[in-house]
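Below is one structure, written out as structure tokens; comments come after it.
The values are calculated or read from the model by the stated rules, or taken from the named source; none is laboratory data. A quick note: this is a predicted structure, and the numbers were derived from the prediction, not measured. Cβ atoms come from the backbone with ideal geometry, glycine included; neighbour counts cover every protein chain shown. Keep in mind that these areas ignore ligands, DNA and RNA; they rest on the heavy atoms of the full protein, side chains included. Shrake-Rupley method; radii C 1.70, N 1.55, O 1.52, S 1.80 Å.
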Amino acid sequence: MRNGSRPVVRRSPNGGPLSLWPLLPALLLFRSSAADLQNTAPPVTTAVPTTEIDAAAATSVHKCCGPDEVLAADWCRNANSTSHRPWTPEFTASNEDEAVAGLKTLPASSVSYKLVTGFPNCKNRQKWVVYNYTGSSDRLVLYPNGKLRHYVLKHQQHTNEEQQQRDYIIDHERYFDYEQEFYCLDKVIGIDSPDINAQVAYICTPPIPSQWTDTDYVMRRVVNPAGHAIAITWLLLVAIVHFVLPQLRDLIGNMVTTLAGCMIVARIADIVRIFVEYNGPISYLTADAFLYIFTLGSFFWLNAMGYYIWRTFKSRNVFLRITDGRKYCYYSLYVWGCTLTMGGMALFAHLILDSSTDNINRNYSPHPSSTISIEGAIGWLGIAVIFVPVICTILVNLFFYFSTKTVIERMSTYGQIHHKMKYSFGMFSKLFAIMVVDLTLFIFSWIQQDTLFYLHVIFNPVQAALVLYVTVIRPKRVKFLLRKACCYEQCLLPCCRPKETDVQAGTEWGEEMMAFNTADY
């Protein structure tokens, strides 16, 4: 030792010196092992805490009360004071579009989630309370993405779990979805149910979109009935003019009046068919029957008009000893006999022969609720029985049109009756074209394309306006008779008084004496 220093001797507990020589081999061995580990270990890196990663990727589940609380009588109470365990979420293992969605559950530990406590802030929305327990009519399903789905079951107060699940599968389409922050779930106690796993959900009702912004709703429920009302008004005016004025109550005028009446009844029946939710199967079947039968009747009356004009031009003797009233009765027997016979066959085919119980709805829409078949609607077999005669009358009317047109072009001179029939033939031709176009659009409206249906809805009042123009506004004789009957010299509006050209128009049919007020007709 240097400088005369003495070594420090450590004493053992018993007072003797403590010797380290026996531990020297063990210390040398431990030092060599530590050096080897230091040479083979990877470099040390700074790791991100796993709690931060889980918190960012976890699904938010909204709980009404605190983490250790349950809901009792609308109050949050500590779970320890109620002998109930706190609520833990149960997630479903099924997809959202499956019929059995919600029947399979996942444990809460298999889904990364975080609880967000507090009741939802519904603001201007209404807040509802939904209870889910064994036998209730509601079922709450929580998906791993945090969406809550509320199913409304078919039957209520079922204690049989098998029956409840069967009703749940049948009515799986009756559900409502709620996104995060618009609901909260929790365990509930104190309700009239022995289920210890009863749940309660406070939900905010979703905002109801305005139906006036839905184009399909506006076209089907607003524009369509409004167009029918306008069409009925124009057609009613046509019928009144040809029925009231005595000079127009000839055979052609009576046919036009009856034709307009058939169109009016068909449109009234179509208005009844628009509002399906207010109709039962019998009322809808009745409306369908009136629509198709009177549509068929209008085409039969057009066919009778074409036949009468064609027969007049083909006949050598036009001065027949028969009145217009009697001829109208004969034509009525033909038209109504064929119409009622074919209508009865169509109803028989629909009710007896048509074995299909799933009739197709003709008013298609992309919305799923409107593709469901309507109970009571006439099926395709009955429609075929109705529209085959309609196609036949169209073909026959085409023959009448071309044949009569050929006869008129070959005639060099013709009398007063032929002159009048020439104007009637022009009216028949225009009515024939208008009705064929309307029927074509009506058939195309059955196709699953909203554009075609909207086109039919828009053309409906246009067709009635064209009929009014062809039968009342365009003919000079009808305008002259209207001005003569409604406003001659006492009219307040000078523009509506008959003019010299109108008086000359009345002379074309031998009514020059009436123009001078020297005869009553």
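Among the residues of the range 271-292, are any open to solvent by 10 Å² or more (accessible area, probe 1.4 Å) and touching a Phe, Trp or Tyr at 6+ places or on another chain (Cβ under 6 Å)? No: zero hits. Listed by first and then second residue, the pairs linking a residue in the range 342-355 that is outside any helix (DSSP H, G or I) to a residue that is at pLDDT below 95, with Cβ atoms under 7 Å apart and 6 or more places separating them unless they lie on different chains, are Asp354/Gly379; Asp354/Leu381; Asp354/Gly382. Of the residues that make up the range 254-269, is at least one among the hydroxyl-bearing types (Ser, Thr, Tyr) and surrounded by fewer than 16 Cβ atoms within 10 Å (Cβ to Cβ)? Looking for residues that are among the hydroxyl-bearing types (Ser, Thr, Tyr) and surrounded by fewer than 16 Cβ atoms within 10 Å (Cβ to Cβ), one finds none in the range 254-269, hence no. Annotation: Pro194 fulfils all but one of (1) surrounded by fewer than 19 Cβ atoms within 10 Å (Cβ to Cβ); (2) modelled with pLDDT under 95; (3) in a helix (DSSP H, G or I); (4) not polar (S, T, N, Q); the unmet one is (3). If only residues of the range 124-147 that are among the polar types (S, T, N, Q), assigned to a loop (DSSP other than H, G, I, E, B) and touching a residue at least 24 places away in the same chain (Cβ under 8 Å) are counted, the one that is farthest from Thr88 (Cα to Cα) is Gln126. Among residues of the range 207-231 that are within 13 Å of Ile271 (Cβ to Cβ), those with a beta-carbon under 6 Å from a residue that is open to solvent by less than 70 Å² (accessible area, probe 1.4 Å) and of a type in the set (A, V, I, L, M) at least six positions away or on a different chain give the pairs Val223/Val457; Asn224/Ile274; Asn224/Val457; Pro225/Ile271; Pro225/Ile274; Gly227/Val457; His228/Ile271; Ala231/Ala464.
Scanning the range 410-434 for residues that are at pLDDT below 85, assigned to a helix (DSSP H, G or I) and over 13 Å from Ile252 (Cα atoms) gives Arg410, Gln416, His418, His419.
Under the condition of being in a loop (DSSP other than H, G, I, E, B), under 45 Å from the mean Cα position of the chain (by Cα) and in contact (Cβ under 8 Å) with a residue 60 or more places away in the chain, the residues counted in the range 72-85 number 1. Taken over the range 118-138, residues that are farther than 12 Å from Ala201 by Cα, open to solvent by 80 Å² or more (accessible area, probe 1.4 Å) and not basic (Lys, Arg) amount to 3. Pairs linking a residue in the range 443-455 that is farther than 16 Å from Ile383 by Cβ to a residue that is open to solvent by less than 80 Å² (accessible area, probe 1.4 Å) and in a helix (DSSP H, G or I), with Cβ atoms under 7 Å and 6 or more positions apart or on different chains, are Asp450/Asp216; Tyr454/Met219; Leu455/Leu441.
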